[in-house]
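Colleague: Input: one structure, supplied below.
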Amino acid sequence: MESQSIKLTNLTKSYRRQEAVKSLNLEVKKGELFGFLGPNGAGKTTTIKMLTGLLKPTSGSAEINGINIWQHPLKAKEKIAYVPDQPNLYPKLTGWDYLEFVASVFRIPKERFQTKANELLRVFSLTEQANDLIESYSHGMKQKIAICGALIHEPDVLFMDEPTVGLDPKSARSLKNLLRELCDRGMTVFLSTHILEIAEQMCDGVGIIFEGDIIALGTMDELKASGGHADQSLEDIFLELTGGEDQQAIISEISDDGDAK
Amino acid sequence: MMSALLKNQWKIFMNTMKSQPGKNYFGYLAMIAVFAILLYWFSAGIWTIADAVTEQVFAGILSYGFLLVIGFIILLGLPQVFKHLYSATDLNLLFTMPIPTRYIFWVKYLQSFVGVPLLVFVLYVVPLFVYGAFIDANVLYYPVVLLVLLSVIVISLSIAYLFNLLLVQIVPASKANEFMTVMSVLSGIFVYLLFMLPNLANDRPLPEMILSGLPLFPEWVPLTWASEAIIGARFGSMDFLLPFIMTLILAVIFFTLTSTLVERGFRTGWVKLSEGSGKKRKKGAAKKSGSKLNAPIIAVGKKEWYAIKRDMREWLVFLPLIFFFVFGFIGFLSSGGGLSDLRGPNEVTWPITQAILLFIYAMFNGQVASSTIAREAKSVWILRILPLSGKDIAFGKLWISWLIPFVILTVIEVAVGIFLGWPLIQFVTGIVMKAVVTAGISSIGMWLGTIGAKYNPANPQNRLKFGTAFMLMIASYVYLLVALIPFVMLLIPVEAIDFAQQLNQDIDGFFGSAAGFIYTVLNWKAASPVMITVAGILLMLIISLGVSYLFTMMSARKIDQGIEIEMVQDVKSKPALGRKHGSF
């Protein structure tokens with residue numbers, strides 16, 4: 001039995017001479033909630049797209065439950081769900097129609113679909129709007145219905161790109177609780193986020209990607225222990241590793257100059 | 001799986017119909033009514049002439065008709081096919097689901113039938129059935145017409161798909177934005193050659209060939225099979241069978257060929273195109289501090305220049321120029337002309353060249369200037385929140401949209417002038433005159449851009465509403481005529497005075513009055529040539545610069561008041577509604 005849900009081996013993506021993702025090696029265990037962090041343009045979305053079959057790696061492999069997604073795309077996609085940062089859903093479907101469509105593709109039995117859909121819609125406070133056209137939804141509501149669609153077939157692995165962007169605090173809290181619960185029940189979650197608090201509070205493992213390279217990997221405790229960061233928060237570690245501290249120093253310098261004048 | 005996808009499409013269609021505002025239904029009804037009337041006239045015409053149509057003439061009409069079907073579907077259906085294959089927003093979702101790519105492809109293929117192919121189908125099948133009824137055709141005729149027509153449409157659509165599926169493998173990912181442009185150009189050339197086929201295959205003109213009942217194409221050409229199948233079925237002759245089966249087999253081959261490219265051409269192509277856009281990063285030396293900053297008007301123009309320079313599609317507006325020169329030149333040489341024939345006295349070649357260039361300026365300047373407004377598209381808010389006046393924006397957009405065609409056409413003019421051996425004075429006069437006159441065209445174009453801006457992400461060249469684009473065409477030429485009057489007056493020699501007088505006496509109306517006006521001016525010119533020359537130059541300057549200033553200020557005012565850019569969101573699902581307005 002494969003204990004790794006996600007396995008990246010030398011996964012690389014190049015655009016001409018520029019390497020957006022540089023030979024990543026990474027394993028995420030079953031039931032793990034993995035936070036993929038990095039500054040803008042670090043390669044987070046590129047990596048997720050390669051893992052979900054939306055972007056072809058230049059070299060290396062990506063496996064989901066031991067299945068190479070580029071060699072056996074259909075088998076791998078049966079196991080996964082993906083929520084992009086900007087979900088482009090069918091504007092002319094209602095929320096219910098959309099969930100029905102996803103359920104049909106995954107061939108979920110009708111009764112199970114009904115129960116699951118109602119449960120998810122309730123969690124995300126969408127029950128009232130489920131019969132409205134998606135085009136009338138706000139960004140946050142679209143995000144929520146996309147998450148419902150992703151969870152409706154109870155995937156083994158869930159990929160989420162900035163899932164909390166656009167969510168109101170209540171929905172963000174619901175999502176966090178739900179993800180934790182689902183992971184405890186065996187689902188693997190691979191999420192990218194900028195909100196370090198989420199990663200710190202929820203994630204079992206964290207990877208920090210910077211300029212296409214993974215520069216830190218492990219549990220929160222491991223990260224803190226590794227570079228003598230015992231007393232530091234994830235934010236401090238992140239900024240130190242990704243050069244944010246230099247930026248902070250420049251900002252201080254600018255404000256000092258301003259004060260001097 | 002297919003049923004889930006089809007059911008989904010059906011729901012989208014039904015919800016789209018249900019969510020339309022009431023006025024749209026009237027629009028659809030009106031469109032259907034107009035189409036039905038056209039179809040009725042067309043059918044009535046066929047009913048009237050059907051008696052005179054011999055079998056051979058009918059075969060010629062059918063062959064050429066099928067050629068038109070192929071040409072139109074490729075030309076008009078190509079953008080739709082591109083949209084279905086590569087720019088549909090649902091692909092991002094569908095490709096992460098366990099759906100075989102071929103199923104997604106087949107649904108997209110079926111979707112492509114709705115649109116140009118369906119219209120073509122109705123437009124052909126009704127008149128053909130009317131003709132069948134008139135000649136009391138055998139019962140076989142009707143299903144054969146249906147299936148042959150369907151096969152021709154499948155073949156045409158498959159060619160459109162093949163264009164997309166094959167080209168996507170050749171075009172590099174970094175040129176994803178230009179993919180559609182390259183494809184449009186190539187398909188245009190392909191269809192042009194296709195329409196030239198009858199002319200290439202025969203020595204006599206096409207109408208003559210059809211009316212005399214001569215075969216347009218050799219027997220081995222599939223268009224002949226399709227027409228022979230229908231001809232054979234008219235009176236129940238079994239001769240229809242072989243060409244009919246061959247046509248059907250050809251359609252199946254085309255469809256199968258298209259389907260075999262699905263994995264490489266569709267899914268991998270989509271992945272390639274999605275990664276290509278927005279991934280370009282300018283590596284290399286970062287801009288050093290102290291890199292040049294400009295005045296707001298210059299900065300606005302520079303911003304426009306970068307947008308044009310870095311997107312090949314923007315240059316497509318000048319494509320007719322290349323066709324104009326290249327095809328014109330080839331046509332001239334192929335008709336037996338030599339390069340030396342183009343040379344002539346400067347008094348003749350110079351004004352002719354000026355007239356041609358001004359005609360081209362009138363075509364491009366307004367178009368380039370009007371595009372600058374809709375180009376803002378969804379970024380309109382940036383100019384809105386910046387502390388820029390409408391005047392800054394209008395003049396910023398004016399100078400760049402005037403300069404680009406000016407530089408391009410001046411380079412051409414210099415090359416032509418050197419070839420023709422013009423003296424320096426002619427160079428300078430021509431270039432300065434056009435520089436002044438064309439600013440007016442640009443300003444009119446920009447003003448029309450402010451009142452009729454439209455942005456269609458799928459077709460970035462389409463930046464003006466239809467009515468406004470038409471107005472622009474008329475306004476550019478009217479302005480040119482008016483602005484050039486004083487200039488032309490300077491050019492007409494005093495020796496023409498008698499001719500003008502005679503025309504004035506012989507002709508009534510507008511032309512007579514014009515001749516009278518010329519006669520009067522020439523009289524003044526004879527009396528004091530320097531004064532009249534100066535006055536002519538001044539008048540031209542006043543008209544051109546006055547119009548430029550007036551329309552630029554009107555544009556500025558409109559920008560200050562807030563401009564609405566009609567955003568075409570999704571042409572397929574919302575023919576009349578799918579628009580949101582941007583404003584700045």
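Colleague: Which FRET efficiency value, to the nearest 0.05, do you get for A:ASP85 and B:LEU38 by plugging their Cβ-Cβ distance into 1/(1 + (r/R0)^6) with R0 = 51 Å?
Modeller: Working: r = 48 Å, r/R0 = 0.94.
Efficiency at R0 = 51 Å is approximately 0.60.
Colleague: Here's another thing I want to ask about it. Helix-derived [θ] at 222 nm for the protein assembly as shown: sum -39500 (n - 2.57) over DSSP H runs of at least 4, divide by residue count, nearest 500?
Modeller: Values: 33 runs with 533 residues, N = 845.
Result for the protein assembly as shown: -21000 deg cm²/dmol, rounded to the nearest 500.
Colleague: Distances longer than 22 Å among the Cα atoms of the stretch B:1-82: what percent of all pairs is that?
Modeller: In whole percent, the long-distance tail amounts to 60.
Colleague: Something else: Work out how far the C-alpha atoms of the stretch B:397-501 reach from end to end along every principal axis, then list the three figures in whole Å, largest first.
Modeller: 54, 36, 19
Colleague: Could you give me the percent of Cα pairs per 10 Å distance bin for the protein assembly as shown, shortest bin first, beginning at zero and ending with the bin that holds the maximum distance?
Modeller: Each 10 Å bin holds this share of Cα pairs: 2, 10, 15, 19, 19, 16, 10, 6, 3, 1, 0.
Colleague: While we're looking at this one, here's another question. Quickly work out the B:ARG557-to-B:ILE352 label distance, labels modelled 7 Å from Cα along the C-beta direction, and quote it in nm with one decimal.
Modeller: 4.5 nm
Colleague: I need the semi-axes of the equivalent ellipsoid of the stretch A:122-187: take the C-alpha gyration tensor, multiply each eigenvalue by 5, square-root it, list largest first in whole angstrom. If you can, show how the numbers build up before the last one.
Modeller: Working: eigenvalues 83, 33, 24 Å².
Equivalent-ellipsoid dimensions as semi-axes: 20, 13, 11 Å.
Colleague: Taking the stretch A:86-154 as the region of interest, what is the percent of Cα-Cα pairs per 5 angstrom bin, listed from the shortest bin to the one with the maximum distance?
Modeller: Cα pair-distance distribution for the stretch A:86-154, in percent: 3, 20, 34, 25, 14, 3, 0.
Colleague: To continue, here is another question. Which angle from 0 to 90°, rounded to the nearest 10, does the C-alpha axis of helix B:509-527 make with the longest principal axis of chain B?
Modeller: With both axes taken from Cα atoms, the answer is about 30 degrees.
Colleague: Relative to the longest principal Cα axis of chain B, at what angle does helix B:2-18 sit, 0 to 90 degrees, rounded to 10?
Modeller: For helix B:2-18, the angle is close to 50 degrees.
Colleague: Continuing with this model, one more query. At q = 0.10, 0.12 Å⁻¹, what log₁₀ I(q)/I(0) does chain B have when each alpha carbon counts as one equal point scatterer in the Debye sum?
Modeller: Here the Debye-derived log intensity ratios amount to -1.11, -1.33.
Colleague: Can you tell me the orientation of helix B:241-260 relative to chain B, as the angle in degrees between its alpha-carbon axis and the longest Cα principal axis, to the nearest 10?
Modeller: The angle comes out at about 70 degrees.
Colleague: Mind giving me the nanometre distance, one decimal, between the label points for B:ILE474 and B:MET1, set 7 Å out from Cα along Cα→Cβ?
Modeller: It works out to 5.6 nm between the two label points.
Colleague: So, in nm, how far is label B:THR54 from label B:ILE170 when the simple model puts each one 7 Å beyond its Cα toward the Cβ?
Modeller: Modelled inter-label distance: 4.4 nm.
Colleague: Restricting to Cα atoms and excluding each atom paired with itself, what does the Kirkwood estimate give for the stretch B:54-276 in Å?
Modeller: In the stretch B:54-276 this quantity evaluates to 18.6 Å.
Colleague: With 10 angstrom as the radius, rank B:TYR142, B:TYR192 by how many other C-beta atoms surround their C-beta, starting from the fewest.
Modeller: In order of increasing Cβ crowding within 10 Å: B:TYR192, B:TYR142.
Colleague: Name the most mobile residue of A:VAL123, A:VAL189, A:VAL21, meaning the one with the largest mean-square fluctuation, in a Gaussian network model of chain A with Cα contacts below 10 Å.
Modeller: With Cα springs under 10 Å in chain A, the top fluctuation among A:VAL123, A:VAL189, A:VAL21 is at A:VAL123.
Colleague: Please compare each pair in A:LYS44/A:LYS116; A:LYS7/A:LYS44; A:LYS77/A:LYS116 to a cut-off of 26 Å on the Cα-Cα distance and tell me which ones are over it.
Modeller: A:LYS44/A:LYS116
Colleague: Going through the cross-link list B:LYS83/B:LYS434; A:LYS144/A:LYS224; A:LYS110/A:LYS176, which pairs have a Cα-Cα distance over 30 Å in this structure? Don't skip to the end; give the middle numbers.
Modeller: On the way: B:LYS83/B:LYS434 41 Å; A:LYS144/A:LYS224 33 Å; A:LYS110/A:LYS176 27 Å.
Over 30 Å Cα-Cα: B:LYS83/B:LYS434; A:LYS144/A:LYS224.
Colleague: If you project the alpha carbons of the stretch B:514-569 onto the principal axes, what extent comes out on each, in Å, largest first?
Modeller: Principal-axis extents of the stretch B:514-569 (Cα, largest first): 62, 21, 14 Å.
Colleague: Arranged by the count of other C-beta atoms within 10 angstrom, fewest first, what order do B:THR552, B:THR181 take?
Modeller: Ascending number of Cβ neighbours within 10 Å: B:THR181, B:THR552.
Colleague: Listing B:LEU149, A:LEU239 from the residue with the fewest other Cβ atoms within 10 Å to the one with the most, what is the order?
Modeller: Listing B:LEU149, A:LEU239 from fewest to most nearby Cβ atoms yields A:LEU239, B:LEU149.
Colleague: I would also like to ask the following. Cross-link partners among aspartates and glutamates for B:LYS303, C-alpha distance below 18 Å, same-chain residues fewer than 8 apart left out?
Modeller: B:ASP311, B:GLU314, B:GLU376, B:ASP392
The numbers here are math on the coordinates, done by the rules we state, and not lab data. Given the structure is predicted, the values throughout are model-derived calculations rather than measurements. Glycine also receives a Cβ, built like all others from the backbone with ideal geometry; neighbour counts cover every protein chain displayed.
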